[in-house]
Protein chains: 2
Amino acid sequence: MAAMRKKKATKTQKGDQTKSLILETALEIFRERGYEETTMRAIAEKAGVSLGNAYYYFRSKEYLIQAFYQRLHDEHVAVSLPALENKDSLKARLLTVMRLKFDTMEPYHQFAGVLFKTAAHPESPLNPFSDESDPVREASIELFARVIEGTKARIPKDLRAELPYLLWVYHVGIVLFWIHDPSPKHRRTYRLIDHTVDLLDKLIHLASNPFMRPLRKQTLRLVEEIREALPDESEEK
Amino acid sequence: MAAMRKKKATKTQKGDQTKSLILETALEIFRERGYEETTMRAIAEKAGVSLGNAYYYFRSKEYLIQAFYQRLHDEHVAVSLPALENKDSLKARLLTVMRLKFDTMEPYHQFAGVLFKTAAHPESPLNPFSDESDPVREASIELFARVIEGTKARIPKDLRAELPYLLWVYHVGIVLFWIHDPSPKHRRTYRLIDHTVDLLDKLIHLASNPFMRPLRKQTLRLVEEIREALPDESEEK
DNA sequence: GCGGTTAGTTGAACGTGTTCAAATTCAGCT
DNA sequence: AGCTGAATTTGAACACGTTCAACTAACCGC
């Protein structure tokens with residue numbers, strides 16, 4: 001029941017090696033050809049292992065994406081933390097993190113779509129909403145907590161507590177937009193970020209107004225209810 | 001380029017018959033066994049046609065879902081319109097339509113997940129956001145326009161114009177929740193509807209306050225930008 | 001060393017979505 | 001009736017994700 005880090009622990013050093021060899025190879029072909037067009041056979045062949053061996057380490061093709069997503073997040077954190085150091089305002093900090101997110105994802109745009117395709121499916125292991133123990137989601141929310149921690153804005157406690165999660169949901173929305181964004185260099189996504197961050201900043205200040213307290217309370221209660229309802233079936237067979 | 005109603009026109013009366021026979025059969029097995037567990041072979045066999053024949057009328061298994069979604073919407077409209085007749089307030093009207101939506105979808109809960117699984121994929125023909133000519137989406141937004149038309153609430157023109165679309169997006173969100181909702185009879189979804197409708201009602205009134213005009217304008221400009229960016233590739237081969 | 005247990009690896013086989021060239025039906029025309 | 005071309009129908013073949021029984025390699029206690 002507790003959150004365990006890995007799906008299937010490799011027991012040997014050699015096993016680790018093989019596993020990451022397969023993952024590297026898979027990501028390489030994904031980047032070149034996209035997800036659908038990459039066959040498990042091609043991955044296995046290029047990695048120099050048997051087809052069955054790939055399935056020994058990754059329960060399905062989808063699980064390769066989860067590994068990819070993990071890696072992407074690590075990279076995002078790695079570039080975000082230094083960039084945040086000299087930023088004070090909530091707006092600047094959020095803007096920084098959001099922009100860097102998509103800088104990081106850039107090379108994978110064409111096959112990132114599949115992430116949502118599978119992620120939205122309730123029974124998919126990649127579903128970002130269910131599976132309480134999903135480490136990537138937790139870590140991602142954690143990053144938004146950092147964004148907020150570092151600012152001096154006067155935000156009520158109740159809102160402050162939910163804000164990391166809310167920003168994470170917001171970021172999922174922008175990712176969804178980005179996936180569909182056909183504009184060159186995804187300029188539209190960046191413009192959308194600029195505008196939404198500006199708006200969010202204003203909304204947060206508005207919501208922090210004592211005048212807004214009842215409505216804010218009601219909204220937050222709702223958010224909490226939704227959060228509770230979602231993480232359920234962590235089937236972790 | 002113009003919105004054409006059907007993907008692939010059947011040219012004969014007999015063709016129409018075969019097509020709907022296949023669809024009926026498919027929906028029946030879907031309801032019994034779920035989407036993933038239903039094979040095209042099983043559909044063809046039960047319908048008494050060949051495998052290839054099913055593909056003559058439905059380009060892929062996914063297209064069967066689109067047809068299902070169309071039918072579901074028709075049914076929803078059919079029960080919604082009469083129910084709206086004796087309701088005046090925006091809140092009551094919205095509540096009615098939302099509840100009926102999920103009453104209608106109830107029998108299909110277990111296989112509705114696949115809708116989102118594929119719908120979120122940018123290249124999927126089911127993607128509810130792209131494909132300008134998608135008749136189901138248009139019709140669905142139209143229903144929310146009806147919800148608003150029938151009320152006397154004083155809503156500014158600019159907001160009134162975007163509200164049908166915004167409510168449609170809201171409804172998509174609730175559907176997403178419902179798909180994941182494991183509570184018996186999906187009570188949680190209904191509770192969520194009650195709460196969110198209440199909140200939306202308040203928000204709409206708040207946004208209609210002259211005091212809120214600048215923020216409202218900014219938000220609506222943003223919504224418009226997002227809407228413009230999305231519908232793109234209607235590949236209609 | 002040896003037996004035994006566990007980890008890792010193999011590739012054939014299966015089920016399923018999809019394609020396609022060929023066969024069949026059918027309506028309209030001469 | 002016979003012809004023609006389009007609409008419809010067929011089923012074999014293909015490609016791919018996934019499974020699994022069997023095999024090999026590595027390690028551990030004796």
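The values are calculated or read from the model by the stated rules, or taken from the named source; none is laboratory data. Keep in mind the model is a prediction, meaning the values are calculated, not measured. So basically every Cβ, Gly included, is an ideal-geometry build from the backbone, and we count neighbours across all protein chains shown.
Which pairs turn up if I take residues in segment B:5-26 that are at pLDDT below 70 and look for partners that are not β-branched (Val, Ile, Thr) with beta carbon separation below 6 Å, at least 6 apart in sequence or on another chain?
Pairs that qualify, where the first residue is at pLDDT below 70 and the partner is not β-branched (Val, Ile, Thr): there are none.
Taking A:Val79 as meeting all but one of (1) out of contact with any Asp or Glu (no Cβ under 9 Å at 6 or more places or on another chain); (2) free of Cβ contacts under 8 Å to residues at least 40 places away in the same chain; (3) assigned to a helix (DSSP H, G or I), write down the number of the exception.
For A:Val79, the failing item is (1).
Could you list, ordered by first residue, the pairs with Cβ atoms under 9 Å in which the first is in segment B:43-58 and in contact (Cβ under 8 Å) with a residue 40 or more places away in the chain and the second is within 8 Å of DNA strand D (Cβ to nearest atom) and of a type in the set (Ser, Thr, Tyr), at least 6 apart or interchain?
B:Tyr57/B:Thr10; B:Tyr57/B:Thr18
Being outside any helix (DSSP H, G or I), β-branched (Val, Ile, Thr) and more than 8 Å from DNA strand C (Cβ to nearest atom) is the filter here, so list the residues in segment A:36-56 that pass it.
A:Thr38, A:Thr39
Going by the structure shown, is B:Tyr69 within 16 Å of DNA strand C (Cβ to nearest atom) and either within 29 Å of B:Lys185 (Cβ to Cβ) or among the aromatic types (Phe, Trp, Tyr) (or both)?
Taking the combined requirement at face value, the residue does not satisfy it.
Could you check segment B:57-72 and list, in sequence order, the residues that are surrounded by fewer than 21 Cβ atoms within 10 Å (Cβ to Cβ) and part of a loop (DSSP other than H, G, I, E, B)?
B:Arg59, B:Ser60
Can you find even one residue in segment A:40-61 that is within 13 Å of DNA strand D (Cβ to nearest atom) and within 14 Å of another protein chain (Cβ to nearest Cβ)? Break it down into steps so the answer makes sense when it comes.
Step one: list which residues in segment A:40-61 are within 13 Å of DNA strand D (Cβ to nearest atom), which gives A:40-46, A:49-61.
Now restrict to residues that are within 14 Å of another protein chain (Cβ to nearest Cβ): A:60.
Yes, segment A:40-61 has at least one match.
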